[in-house]
Amino acid sequence: MALPLGWLSALATGIFAAHVLQKLCFPYFWRDVFFLLNVIRYGFTLELSKLTCSVRTVLDRFIQQAQRIPNKPFVIYEDRVHTYREVDQRSNRLANVFLRTLNLRKGDCVAMLMSNEPDFLCVWFGLAKVGCSVAFLNTNIKSKSLLHCFNCCGAKTLIVGSDLMDCLEGILPSLLNDNIQVWAMKSQSEHTQVHTLLDKVDAASEQPVAAELRATTSLKSPTLYIFTSGTTGLPKAAVITQLQSLKGAAGFWVFGGTEDDVIYVPLPLYHSAASIIGIGGTIELGATCILKKKFSASQFWNDCRKYDVTVFQYIGELCRYLCNQPKKEEDKVHKVRMGVGNGLRADVWRDFLCRFGNIKMCEVYGSTEGNLCFLNHIGKIGTVGRTNFFYKLLFKYELIKYDMVMDEPVKDSYGFCQRVGKGETGLLVSKVGALSPFFGYAGSKQLTEKKLMRNVFVKGDAFFNTGDLMAEDQEGFICFRDRVGDTFRWKGENVATTEVTEVLGLVDFIQEVNVYGVEIQGHEGRGGMAAIIVRPGLKFDGRKLFEHVMSDLPGYARPLFIRLQEVMELTSTFKQQKFQLVQSGFNPSTISDPLFILDYEVKEYIPLTDRIYQSIVAGERKL
């Protein structure tokens, strides 16, 4: 008996030592393994559908759920419950109208300009049921950008929400001249050339249209076009395939969501976060969605208590707004257990948890058009994702050295990029391959090519350029550092500096413009700032500039600050120098150039004084 007991003792000691070693050296090992197994299992299902040509789309999943749980609330909007069956039936009505009245056909692209409302989903699903791809238009975009969007995706039909008809003012003749038919979600129209939908829907059949219309044999077929402000010019139509939609719809499930969850979606549906992850994720689980037309910081927690919300979607700015609300005794009285989103600053994250309780905040990193996604399933504060040996085997990404002054990657003597070390900041690039394809943008191969970096490490390779500076720590956590190039983020939206530059350049007294984003204490992202040179013989006119940006730019893209310069600095490659301008910020006590600030009350750009600056820093002035 001595020998077996000795072996058992040694085995037990070994297991205990291995357990202690794992806890000390690899504390996240098992959590990583189980999380990655879920991801692999879902991915295997998608890959299997490729081989069998039996592609199950998000729409198919919705129809399946409508048959399985027909009476369950799918969407609750402004206290009205819309069950899975009701949304399915209404989208059937719309699909029949689209086929018989609008004469839409499989493969057509249709643009939607609608606010958050149940009919956004019914129109979207109705179009998908007849085999149309759908372009979600940002409700903030203005005339020139709006017209441009149709050229990108080739849409010849526009469906407009009843509350957004004013957006067509000034561009309706151009749309009609381009043979774009405009349909409004109304029963009557003041415009003789704008058709109405609601009166047709009421008389339409609830019977489903033929299933073969929505059927697809390829996961790579486009299903959506979502517009994103990238690094160049006007909005770009990111191609969203069935594969990307399905991956996004798995987001809540991967983080532990169930069909018992009640999911609060206050983000705009024209963005991928709310539509693909929020609505798609609700469908995948068979859960219930509380849909808000707009986010309201004062109503948020009351809504959560009223509807027994368990999961909510966020962007970092949203959490900051919640933390800035007056404190209440019932701040921790709710059933919310999880938040899913991105852009949450470490300081806001800590304040949020301290004030509102132990809520699991699940950061997701990834761009609409990107081929890489990081998921912070551990919940470590201040990190956007987690990586490990196994993840790197599946998803090939690198952090490369980047020169912020020259605004370009650092190359070695052979012309190849250089990797950064652990803990160092570098530009995140993701290899384009079979497991991580890049589908690009609609309507322009040139724009698609601009997002790719070729010959990065060897001749012939191709990487997607995220435009984001990141760092990976010793434990494998990914931290966001900054954006590079001509894009910054403000109010939860991407701002393309070249688009703002083009708009400002139309003002008669402006000779040259350099647009960039500056950090503002207590705010997420960066506020817009423009360094401008005034034309000789003319003067800066703050009122004229105010009127121009108000009419031609969405609110998040309007420069908050103006800096008058006599000379525009350039890099050695003759690009506008932004780095020094970004670093110097907007403090009038340290900048000798005249500074101005956007003032909505007096309706012009007024001089930025030390007193105004201090009120911004103290968080007293609303931006």
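Listed here are the strands (runs of 3 or more DSSP E) enclosed by the stretch 556-623 that have at least 3 residues being closer than 30 Å to Glu408 by Cβ: 561-564. A single entry from Leu538, Leu506 fulfils the requirement of being under 31 Å from the mean Cα position of the chain (by Cα), surrounded by fewer than 16 Cβ atoms within 10 Å (Cβ to Cβ), among the aliphatic types (A, V, I, L, M) and farther than 29 Å from Leu318 by Cα: Leu506. Of the residues in the stretch 381-402, at least one is within 30 Å of Ile263 (Cα to Cα), in contact (Cβ under 8 Å) with a residue 60 or more places away in the chain and in contact with a Cys (Cβ under 6 Å, 6 or more places away or on another chain). As a summary of the residue check, Thr217 satisfies the conditions (1) over 25 Å from Asn494 (Cα atoms); (2) in contact with a Pro (Cβ under 9 Å, 6 or more places away or on another chain) except for the one numbered (2).
Please verify whether Gln511 is among the polar types (S, T, N, Q), outside any helix (DSSP H, G or I), under 20 Å from Ile616 (Cβ atoms) and at pLDDT below 90, treating the condition exactly as stated. Spelling it out, it is not the case that Gln511 is among the polar types (S, T, N, Q), outside any helix (DSSP H, G or I), under 20 Å from Ile616 (Cβ atoms) and at pLDDT below 90. Applying the criterion of at least 2 residues that are closer than 18 Å to Gly248 by Cα to the helices (runs of 4 or more DSSP H) found wholly in the stretch 27-128 leaves 29-52, 58-68.
Conditions (1) in a strand (DSSP E or B); (2) aromatic (Phe, Trp, Tyr); (3) over 30 Å from Tyr441 (Cα atoms); (4) open to solvent by less than 30 Å² (accessible area, probe 1.4 Å), marked per residue:
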| residue | (1), (2), (3), (4) |
| --- | --- |
| Glu330 | no, no, yes, no |
| Val336 | no, no, yes, yes |
| Arg350 | no, no, yes, no |
| Cys354 | no, no, yes, no |
| Glu363 | yes, no, no, yes |
| Asn371 | no, no, no, yes |
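The set of residues in the stretch 142-160 being assigned to a helix (DSSP H, G or I), within 22 Å of Thr223 (Cβ to Cβ) and open to solvent by 70 Å² or more (accessible area, probe 1.4 Å) consists of Asn151 alone. Residue pairs whose Cβ atoms lie under 7 Å apart, sitting 6 or more positions apart in sequence or on different chains, and linking a residue in the stretch 347-365 that is at positive phi to a partner that is of a type in the set (Lys, Arg) and open to solvent by 10 Å² or more (accessible area, probe 1.4 Å), are Gly357/Lys332.
Confirm whether Gly460 is of a type in the set (Gly, Ala, Ser) and not in a loop (DSSP other than H, G, I, E, B). Answer is no for this residue. Of everything in the stretch 377-391 that's closer than 19 Å to Arg483 by Cβ and open to solvent by less than 10 Å² (accessible area, probe 1.4 Å), which residue is modelled with the highest pLDDT? Restricting to residues being closer than 19 Å to Arg483 by Cβ and open to solvent by less than 10 Å² (accessible area, probe 1.4 Å), the top hit is Thr383. Does the stretch 172-193 hold any residues that are modelled with pLDDT under 85 and open to solvent by less than 70 Å² (accessible area, probe 1.4 Å), and which are they? Answer for the stretch 172-193, where residues must be modelled with pLDDT under 85 and open to solvent by less than 70 Å² (accessible area, probe 1.4 Å): just Ser189.
The values are calculated or read from the model by the stated rules, or taken from the named source; none is laboratory data. Just so you know, these numbers come straight off a predicted model, no measurement behind them. Don't worry about glycine lacking a Cβ; one is built from the backbone with ideal geometry, like all the others, and counts go over all protein chains shown. Areas reflect the complete protein model, heavy atoms only, side chains present, ligands, DNA and RNA absent. Shrake-Rupley method; radii C 1.70, N 1.55, O 1.52, S 1.80 Å.
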